[in-house]
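Right, one structure below, let's go through it.
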Amino acid sequence: MNLEACTQAIRTKVGADSGLNATLKFDCGADGVIRIDGASTPNTVTNDNVDSDCTVGITLENLNALLSGDLEPTTGFMAGKLKVSGDMGVAMRLQRVI
């Protein structure tokens with residue numbers, strides 16, 4: 001999947017209320033970003049590169065694996081396939097959504 005397909009997949013999973021109650025950004029480097037605004041009602045998913053409560057650094061390839069279920073979030077974190085900065089609690093709540 002490309003960035004737009006990943007954005008749409010996340011938008012579908014998040015729905016109107018993700019339960020995040022915060023903002024989270026997937027930073028895929030040169031491929032772009034996907035930002036979940038779980039603090040707004042309804043929740044929104046965009047490609048805006050603005051500050052967020054939590055940022056997950058991840059390659060587009062690993063994001064695809066995460067979305068398809070081939071990569072568990074905890075395993076990815078422990079293996080260094082994704083790096084979390086900011087509020088770790090937001091990243092933990094994301095597991096219920098993705």
Karplus 3J(HN,Hα) series, Hz, for the stretch 63-74 with 6.51 cos²θ - 1.76 cosθ + 1.60 (x for Gly, Pro): 5, 4, 5, 5, 5, 7, x, 7, 10, 6, x, 5
Give me the percent of DSSP beta bridges within the stretch 3-94 that run antiparallel, rounded to the nearest 5. 75
Expressed as a rounded percentage, what relative contact order does the chain have, with Cα pairs under 8 Å and six or more residues apart? 29
Calc'd 3J(HN,Hα), the stretch 89-97, phi into Karplus 6.51 cos²θ - 1.76 cosθ + 1.60 (θ = phi - 60°), Hz, glycine/Pro = x, comes to x, 5, 4, 5, 5, 4, 4, 6, 8
Run down the aspartates and glutamates and flag those whose C-alpha is under 20 Å from the C-alpha of Lys25, throwing out any fewer than 8 positions away in its chain. Glu4, Asp17, Asp37, Asp48, Asp51, Asp53, Glu61, Glu72, Asp87
Match the structure shown to one of the listed values (i) 11.9; (ii) 7.5; (iii) 5.3 of mean projected area of the Cα convex hull in nm², computed from it, and give that label. (iii)
Placing +1 on each Lys and Arg Cβ and -1 on each Asp and Glu Cβ in the chain, then taking the dipole about the Cα centre, the residue among Gly86, Ser40, Leu66 whose Cα reaches farthest towards the positive end is Leu66
Only Lys, Arg, Asp and Glu count, each charged at its Cβ (+1, +1, -1, -1), so figure out the dipole size of the chain about its Cα centre, rounded to 20 debye. 200
Once every DSSP H run of n ≥ 4 in the chain is given -39500 (n - 2.57) and the sum is divided by its residues, what mean residue ellipticity at 222 nm do you get, rounded to the nearest 500 deg cm²/dmol? -9500 deg cm²/dmol
Quick check: residue separation of Lys83 and Asp51 times 0.36 nm, minus the Cα distance between them. What number comes out in nm? 9.9 nm
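Bear in mind that the values in this text are calculations on the coordinates, not laboratory data. If you're wondering where the values come from, they're calculated on a predicted model, not measured in any experiment. Cβ atoms come from the backbone with ideal geometry, glycine included; neighbour counts cover every protein chain shown.
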